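The values are calculated or read from the model by the stated rules, or taken from the named source; none is laboratory data. Computed from a prediction, not measured in an experiment: that's the story for all the values here. Methodologically, a virtual Cβ is constructed for each residue, glycine included, from the backbone with ideal geometry; neighbour enumeration extends over all protein chains shown. Ligands, DNA and RNA are stripped out before the accessible areas are found, and what is left, the full protein with its side chains, is counted by its heavy atoms. Shrake-Rupley method; radii C 1.70, N 1.55, O 1.52, S 1.80 Å.
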Amino acid sequence: MKSERQRILVVDDEPKITEVLKSYLENSDYTVFEAGDCAQALLLFEKHQPDLMILDLMLPDMSGEVFCQMIRSRSRIPIIMLTAKVEEVDILKGLDIGADDYVTKPFSIRQLVARVQALLRRSGTDVAPLANMLSYRNRDLTVNVLTHEVCKSGIPVNLTPIEYRIFIVLARQPNRVFTRDELIISALGDDFAGYDRTVDSHIKNLRQKVETDTKEPRYIVTVHGFGYRFGGETG
């Protein structure tokens with residue numbers, strides 16, 4: 001039996017872009033839904049529960065940044081942002097609000113499709129755990145590896161696929177220091193296309209979700225001049 005095709009939601013108010021993307025993605029065996037504004041996109045999102053979203057930042061009824069935050073508050077699906085902004089600060093800002101990747105216009109359609117494929121592979125690939133249930137600091141932080149559910153003080157936190165993978169990579173080897181490059185290879189994949197500093201943005205977002213005090217992190221610890229390590233004690 002043929003497996004169900006993965007679903008992609010393309011949100012862009014430029015019909016030429018959505019038409020070309022739809023054609024290329026469907027030729028790559030994806031099911032594609034198109035929306036020209038955020039209102040329509042939200043309806044399609046709730047109806048079809050896509051596996052990935054390609055989101056333009058300039059939309060007629062709401063900014064893509066605000067819509068990204070809205071989706072991120074309810075879903076961990078990978079989000080690729082499309083924008084004409086090319087400055088690194090803008091890219092890092094997009095990652096700060098929950099995007100998984102960032103593509104600037106004009107872009108190569110084939111490269112974008114390759115990024116879609118890479119993100120879906122990573123989001124669908126489990127990182128092998130040491131156990132199915134992980135618990136740290138008297139259950140201050142718990143992880144159900146089978147369901148990918150992370151809880152802080154008993155309350156579920158909504159990690160993106162990349163945030164979750166970074167967390168698991170660090171947690172599997174407590175106190176080992178990972179450089180940015182090592183985290184890119186281990187958690188993001190060696191086909192990751194972007195700035196190595198984007199790891200810092202994902203770490204920042206992860207800390208905001210799992211740390212009690214982000215200024216004095218206990219789980220995701222910076223080792224200045226080297227990278228990051230996991231400081232959580234099991235139990």
task: Name every residue in segment 152-169 that is surrounded by 15 or more Cβ atoms within 10 Å (Cβ to Cβ) and over 18 Å from the mean Cα position of the chain (by Cα), in order of residue number.
output: 152
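May I ask you to say which residue of 214, 198, 179, 147 is in contact with a helix residue (DSSP H, G or I) (Cβ under 7 Å, 6 or more places away or on another chain) and either open to solvent by 40 Å² or more (accessible area, probe 1.4 Å) or over 24 Å from residue 122 (Cβ atoms) (or both)?
The match here is 214.
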query: If you check residue 40 against the conditions, is it out of contact with any helix residue (DSSP H, G or I) (no Cβ under 9 Å at 6 or more places or on another chain) and modelled with pLDDT of 95 or more?
result: yes
- prompt: Of the residues 17, 71, which is open to solvent by less than 40 Å² (accessible area, probe 1.4 Å), part of a helix (DSSP H, G or I) and closer than 22 Å to residue 106 by Cα?
  reply: 17
field: Qualifying positions in segment 33-43 - surrounded by fewer than 19 Cβ atoms within 10 Å (Cβ to Cβ) and in a helix (DSSP H, G or I)
entry: 39, 40, 42, 43
All positions within segment 154-185 that are free of Cβ contacts under 8 Å to residues at least 24 places away in the same chain and more than 22 Å from residue 97 (Cβ to Cβ): 154, 181, 185
